[in-house]
Amino acid sequence: MSMGSDALPAPVITFDGPSGTGKGTIAGRLAALLGWHVLDTGALYRCVGLAAVKRGVALDDDAALGNLAQALTIRFDGERVLLEGVDVSTEIRTASAGEYASRVAAQPAVRRSLWRLQRDAVRPPGLVADGRDMGTVVFPEAPLKLYLDASPQVRVDRRYKQLKDKGMDANLSDLARDLAERDRRDRERAASPLRPAGDAVVIDTSGLGIDAVLARVTDAVRDRLPDVWPDGARA
């Protein structure tokens with residue numbers, strides 16, 4: 001999928017990879033260290049999926065979903081995600097919302113509609129963008145692209161713990177089945193399939209804790225973008 005390009009007003013660091021690899025946590029930690037903005041693109045697709053279900057739009061209706069995505073007002077307010085002015089922060093983090101997101105993300109019209117919104121999120125001093133096609137499609141000119149991966153079992157266990165910690169119901173076998181299906185859909189879709197960018201730094205987080213992953217990420221930042229690392233900052 002080619003969307004064209006335009007000059008960005010600030011540098012971008014991208015994080016791509018499947019769910020359960022720690023992308024969101026690490027992206028947020030890195031953005032805080034750098035003093036940069038952070039973009040959770042998964043939340044955008046979850047909002048589109050949730051809105052589609054609530055409005056009765058079929059999750060495979062490409063044209064209707066594209067129009068819906070273009071018309072929605074989605075805003076980030078700190079940790080809160082506002083959809084049409086309503087706080088849906090908790091609602092979009094359920095397993096079902098993740099399934100909706102994966103299905104609408106396969107639609108080319110949805111990806112086209114959200115491309116500009118994601119590009120427009122870039123502002124000084126910089127942006128850390130977390131998603132599935134940040135380094136391959138949305139920000140191919142990013143000076144640093146990271147791709148986080150982990151074994152399926154580790155990712156299922158992490159997702160199970162995450163849901164339980166939030167007080168949500170979860171079943172390991174159901175999560176494993178859903179994750180496998182989502183992986184298949186993300187990697188095989190015609191529009192922006194999930195894959196590392198050719199120049200991405202790939203990190204397998206399977207046997208690593210958050211601090212260890214962050215250390216590898218900050219090493220990559222210092223190597224590729226030494227001028228953006230704040231004086232005195234520590235991972």
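For this structure, a couple of remarks:
- Pairs meeting the criteria (first residue in the range 87-99 and touching a residue at least 60 places away in the same chain (Cβ under 8 Å) and over 14 Å from D169 (Cβ atoms), second residue among the acidic types (D, E) and open to solvent by 60 Å² or more (accessible area, probe 1.4 Å), beta carbons under 7 Å, at least 6 apart or on different chains) are E99/D178.
- Scan of the range 130-162 for residues that are more than 30 Å from R116 (Cβ to Cβ), of a type outside the set (D, E) and either open to solvent by less than 60 Å² (accessible area, probe 1.4 Å) or at pLDDT 90 or above (or both), ordered by number: A150, S151, P152, Q153, V154, R155, V156, R159
- Looking only at residues in the range 29-44 that are touching a residue at least 60 places away in the same chain (Cβ under 8 Å) and small (G, A, S), the one that is farthest from S89 (Cα to Cα) is G35.
- Looking only at the range 155-176, and only at residues there that are among the polar types (S, T, N, Q) and assigned to a helix (DSSP H, G or I), the one that is nearest to G24 (Cα to Cα): Q162
- Any hit, the range 45-62, residues being touching an Asp or Glu at 6+ places or on another chain (Cβ under 7 Å), touching a residue at least 24 places away in the same chain (Cβ under 8 Å) and either surrounded by 15 or more Cβ atoms within 10 Å (Cβ to Cβ) or within 29 Å of A220 (Cα to Cα) (or both): yes
- Number of the exception - A170 against (1) free of Cβ contacts under 8 Å to residues at least 60 places away in the same chain; (2) surrounded by 12 or more Cβ atoms within 10 Å (Cβ to Cβ): (1)
- Residue match in the range 200-220 (condition: part of a strand (DSSP E or B) and in contact with a helix residue (DSSP H, G or I) (Cβ under 7 Å, 6 or more places away or on another chain)): yes
- For the range 9-24, the criterion of a residue being assigned to a helix (DSSP H, G or I) and over 19 Å from A106 (Cα atoms) is satisfied by at least one position.
- Matching residues, the range 63-80, being closer than 15 Å to Q118 by Cα and either open to solvent by 70 Å² or more (accessible area, probe 1.4 Å) or in a strand (DSSP E or B) (or both): Q70, A71, T73, I74, R75, F76
- Yes/no for R116 being among the basic types (K, R), part of a strand (DSSP E or B) and over 15 Å from the mean Cα position of the chain (by Cα): no
- Hey, D165 within 20 Å of R93 (Cα to Cα), touching a Lys or Arg at 6+ places or on another chain (Cβ under 7 Å) and either modelled with pLDDT under 90 or open to solvent by less than 20 Å² (accessible area, probe 1.4 Å) (or both) or not: no
- The condition (being of a type in the set (A, V, I, L, M, F, W, C) and closer than 26 Å to L194 by Cβ) is satisfied by just one residue among A71, A58: A58.
- Looking only at residues of the range 81-104 that are assigned to a helix (DSSP H, G or I) and among the β-branched types (V, I, T), we find that the one that is farthest from K161 (Cα to Cα) is V104.
- Check on V138, within 30 Å of V228 (Cα to Cα) and out of contact with any Gly (no Cβ under 8 Å at 6 or more places or on another chain): no
- Residue in the range 190-209 that is out of contact with any strand residue (DSSP E or B) (no Cβ under 7 Å at 6 or more places or on another chain), of a type in the set (V, I, T) and open to solvent by less than 40 Å² (accessible area, probe 1.4 Å) present: no
The values are calculated or read from the model by the stated rules, or taken from the named source; none is laboratory data. These numbers were taken from a predicted model, which means no experiment stands behind them. Ideal geometry is used to build each Cβ from the backbone, glycine not excepted, and the neighbour counts take in all protein chains shown. In case anyone asks, the SASA skips ligands and DNA or RNA and just uses the protein heavy atoms, side chains included. Shrake-Rupley method; radii C 1.70, N 1.55, O 1.52, S 1.80 Å.
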